[in-house]
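Taking it in order: structure first as C-alpha cells, then the write-up.
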Amino acid sequence: MKLITHNMLTSKSLKGVNVGFPLKICATEVKEVAVDFNPEFVTRMIPKLDWDALCQAAESLGCLNDLPRSVNPNHENDEEFLKKAHHVLLEVEVIEGELVCPETGRKFPVNEGIPNMLLNEDEV
Amino acid sequence: MAASTRRPEHKAPPDIFYNEEEARKYTSNTRMIEIQSQMTERALELLALQEDVPCFILDIGCGSGLSGQTLEESGHFWIGVDISSAMLSVALEREVEGDMMLGDMGQGMCFRAGSFDGAISISALQWLCNADKTSHSPPKRLFKFFSTLYSCLSRGSRAVFQFYPENSEQIELITQQAMKAGFTGGLVVDYPNSTKAKKMFLVLFTGGHQKLPKALGTEEQQNTGTDHIPYSDKRERMKQIRGKAPKKSRDWILEKKERRRRQGRNVRPDTKYTGRKRSGKF
C-alpha cells in the first residue's frame, strides 16, 4: 500500500465511525520502489491530500526525511518539492503490518502490500 | 434452470467463485484478456476525462488488474478494490502499477470525500444483486455502495460500470438505487441488436444532468455516417409487399450483410462483386 492510498483511506464504513481518518500505520515491513516521476500528476493530487496526515504517516514509517510540514503555495514550479512529495506518495510502500482505526481501534491487516478492509457482518 | 448455471453469480459468492483456478484464467486466456481490455477502453471513453491529464481513478472489482493496465497505458493512476484475494495475488504477479485493497462493494467505498476523478468497474456490478449471506439485502447494499461512491468522487466526474444484468428487474433495481444516491445518468447499450457483441454500460454523473453519450452500433449512428436516403420508408413498405428476397440472390446477401452490420460484426463492404456469379473460366 502506497501512502497516497493511505491518505484517501478511511474506516468510515464501520458502524458508528464518522470520520475514521487518518488510520494509524503499524508497519512491520516497508519497501521502496522506483516509480516514474510525473510532476503533473503530483501537482494535481496535492490539493486533494491531507498534508498533515501524510506527514504523520511518513514520520511513523521513518521516511519523512526533509519533506516540508506545510505545502508551499507556489508548489507547481518547485520541482524539488514535487519530487519529495512524489517519493513519499508513490515510492514508499507498506508491505506487511496493520492499519488501526482512530475511533474504534479496529485493526485492518496489510498482507503483501494489500490492506484487508473487509468487515464482519456485525460491523457494518 | 439451465440458463442460470451459466451465470457465475449463481454458483458461489464472489470471494469463493474467484479462486486460484478461476483467477489463473485471467492471465492465460487471451480471449478473456482481449474482451476485458476492450471493455475497459470503451468505459474509459465513456468516462470522458480531460485529455492528456493524468487522473486518479477508482477501479471497482479490479480483479487481476487487466482493466488497470489499460488505465496505466492512458497515463492514469488507479486504486483497485476487489473482494477476491486470489485475483489480487494474480494482479501482484502481473506487477501492475496501481495500488490495490481487499474490500466488499456492498460494505461501501471507504475513501475520503472527493478523492477520485472518476470510477470504472468492469463486470462486477451484477454481483451486488445477489444475497450471498442471510444478512445481505441487495437494495441496501446497492444503496450503500452508490451513496459512498458518490461522496468519494469529485464533483463533475463520472462513474462507468460495464455489467451483465440478468433481467430488466436487475437493471431497474440498480439504476433506482443509483438515482436515490444522487447520481444522474443512465444506461448506454452498445450493439443492442446483437446477442454476442451487446454490452451494457451504466454511466453515472455526479454533477447534475448531462447528455448521455451515444451507444455504438445503433441505428441513429449509421444514418449520420451515410447520407440519409429520402423516401426510405416508402421503399421499405414496397419491399415488405414484395416479400423477402429469394435465398442466395444479391438482395438476400445484401440484406444479410446489413443485418450483421447492425449486430456490430466485421462485414466486408458492399461492392459490384457482391453476390455476383463467377465466370465459367474459374
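Some observations on this one:
- Distances between every pair of Cα atoms in segment B:133-186, grouped in 5 Å steps from 0 to the bin holding the largest one, split as 4, 18, 28, 27, 15, 6, 2, 0 percent.
- Phi angles of segment B:185-201 translate, via the Karplus equation with coefficients 6.51, -1.76, 1.60 and θ = phi - 60°, into HN-Hα couplings of x, x, 8, 10, 10, 7, 6, x, 8, 10, 6, 7, 7, 4, 9, 9, 10 Hz per residue; Gly and Pro are given as x.
- Cα Rg, Dmax (largest Cα-Cα span) when computed across segment B:1-109, Å: 14.5, 48
- Straight Cα distances below 16 angstrom link residue A:48 to the aspartates and glutamates A:40, A:76, B:117, with same-chain residues fewer than 8 positions distant left out.
- Rg/Rg_ref, chain A, where Rg_ref = 2.2 N^0.38 Å and atoms are Cα: 1.09
- Taking all C-alpha pairs of segment B:4-228, those more than 29 Å from each other amount to 23 percent.
- Exercise: per-residue mean of other protein chain Cβ atoms within 10 Å, A:2-13: 6
- Taking Cα atoms only, the orientation of helix A:51-61 departs from the longest principal axis of chain A by about 80 degrees.
- Average beta-carbon neighbours from other chains, 10 Å sphere, peptide A:107-116: 4
- Dipole of chain B [Lys/Arg +1, Asp/Glu -1 at C-beta], most positive-end residue of B:195, B:178, B:267: B:267
- Degrees, to the nearest 10: B:30-47 long Cα axis against longest axis of chain B: 80 degrees
- Largest-first ellipsoid semi-axes for the protein assembly as shown, taking √(5λ) over the Cα gyration tensor eigenvalues, angstrom: 46, 24, 20
- For the residues of A:117-123, the average number of beta carbons from a partner chain within 10 Å of their own beta carbon is 4.
- The B and A chains share an interface that buries close to 2700 Å² of accessible area, total over both sides, probe 1.4 Å.
- When each of the peptides A:66-73, B:259-266 is scored by how many other beta carbons lie within 10 Å of its residues on average, the order from highest to lowest is B:259-266, A:66-73.
- Highest to lowest packing among B:147-160, A:110-123, scored as the average C-beta count within 10 Å: B:147-160, A:110-123
- Links that overshoot a 24 Å alpha carbon limit, given the list A:2/A:107; B:199/B:247; A:107/B:25; A:15/B:133; A:2/B:25: B:199/B:247; A:107/B:25; A:2/B:25
- Apportionment of accessible area to carbon and sulfur, chain A, percent (1.4 Å): 45 percent
- Angle between chain B longest axis and helix B:168-180 axis [Cα atoms, degrees, rounded to 10]: 50 degrees
- The mean accessible area for residues of chain B, using a 1.4 Å probe and ignoring ligands and nucleic acids, is 55 Å² per residue.
The values are calculated or read from the model by the stated rules, or taken from the named source; none is laboratory data. What you see is a predicted model; the values in this text were computed from it and never measured. Cβ coordinates were reconstructed from backbone atoms using ideal geometry, including for glycine residues, and neighbour counts include every protein chain displayed. Just the protein is used for accessible areas: all its heavy atoms, side chains included, with ligands, DNA and RNA removed. Shrake-Rupley method; radii C 1.70, N 1.55, O 1.52, S 1.80 Å.
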